[in-house]
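Take a look at the structure set out below.
The values are calculated or read from the model by the stated rules, or taken from the named source; none is laboratory data. Just so you know, these numbers come straight off a predicted model, no measurement behind them. Methodologically, a virtual Cβ is constructed for each residue, glycine included, from the backbone with ideal geometry; neighbour enumeration extends over all protein chains shown. When the accessible area is computed, the model is the full protein with side chains, heavy atoms only, and any ligands, DNA or RNA have been set aside. Shrake-Rupley method; radii C 1.70, N 1.55, O 1.52, S 1.80 Å.
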Amino acid sequence: MTAPRNAAPDQAGLKLALEYGPLLLFFAVNFLAPAGPLTRVLIATGVFMAATVVSMVVSRVKLGRVSTMLWLSGALVLLFGALTLYFRDERFIKMKPTIVYTAFSVILTYGLITGRPLLEALLGSVYAGLTQTGWRKVTRNWAIFFAFMAVLNEAVWRSSTWDFWVGFKLWGAIPLTLGFALANIPMLMRNGLNAGEKPVGDIPPE
């Protein structure tokens, strides 16, 4: 018995929802919670942590696994979220994206230097058919992009208010990440990517 034709798209949609759902919920609670600035930070952070745990559990139950990227992002959300709640200091949750971006940039750069296809191990099923030249180029591109995003996040959170930083995450960081993934597609297609693939659904979650 063959699987339904829409099984793969449905799975991709669920995966995208699990990765970005907690972040969108964080934004909604932060903007809508009827409370003072610090209280909104704490409530939104607590909801973000709980939603991240739920997302990881659902991923394990529905998809059979929790991706490496979701494990890393989830662990950092819980760590920096806990620090934010314990010290009642918003700076910890603001620093979390910088740590994520830096970690990915360092890991990918290390893979380039040592010749180890670390990105291929993570995204091989998404970038099906990609040549080794393509893997080197896309790894280099993402390593540079994540380093740029780490610097950008630091610049924004250190020079702006909480609400501005949250707005930057929603209207700046997410569109930049998705746009960069799309901008890489022509290069990927020239380097063997299967025409039927859509390599934008398995990028590091925010």
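Protein-only accessible surface at a 1.4 angstrom probe places the residues Met149, Met49 in the order Met49, Met149, largest first. The angle between the Cα long axis of helix 37-58 and the longest principal axis of the Cα atoms of the chain comes to about 30 degrees, rounded to the nearest 10.
Can you compute the charge dipole magnitude of the chain about its Cα centre, using +1 on each Lys and Arg Cβ and -1 on each Asp and Glu Cβ, nothing else charged? Give it in debye, rounded to the nearest 20.
Numbers: 18 positive and 10 negative charges, 50 e Å.
Around 240 debye, computed over the chain.
Count Lys and Arg as plus one, Asp and Glu as minus one, and take only other residues whose Cβ is under 10 Å from that of Lys94; the net charge is then +1.
If you sort Val156, Val47, Val106 by accessible surface, 1.4 Å probe, largest first, the order is Val106, Val47, Val156. The orientation-averaged shadow of the Cα convex hull for the chain, equal to a quarter of the hull surface, comes to 12.4 nm². Shown for the chain: lysine pairs separated by 8 or more places, or found on different chains, whose C-alpha atoms are under 26 Å apart, numbering 11. Of the listed residues Val29, Val100, the order by accessible area with a 1.4 Å probe, largest first, is Val29, Val100. Would you work out what percent of the accessible area of the chain, with all protein chains in place, is carbon or sulfur (probe 1.4 Å)? For the chain, the apolar C and S fraction of the accessible surface comes to 69 percent. Across the chain, Cα pairs under 8 Å and at least six residues apart give a relative contact order of 23 percent. The ellipsoid equivalent to the alpha-carbon distribution of segment 103-151 has semi-axes of 18, 11, 9 angstrom, derived from the gyration tensor eigenvalues as √(5λ) and listed largest first.
The angle between the Cα long axis of helix 68-87 and the longest principal axis of the Cα atoms of the chain comes to about 10 degrees, rounded to the nearest 10.
Could you give the accessible area per residue of the chain, probe 1.4 Å, as a whole number in Å²? Mind showing how you got there, number by number?
On the way: 10690 Å² over 206 residues.
Result: 52 Å² per residue.
With a cut-off of 15 Å between beta carbons, the residues surrounding Ala82 carry a summed charge of +2, where Lys and Arg count +1 and Asp and Glu -1.
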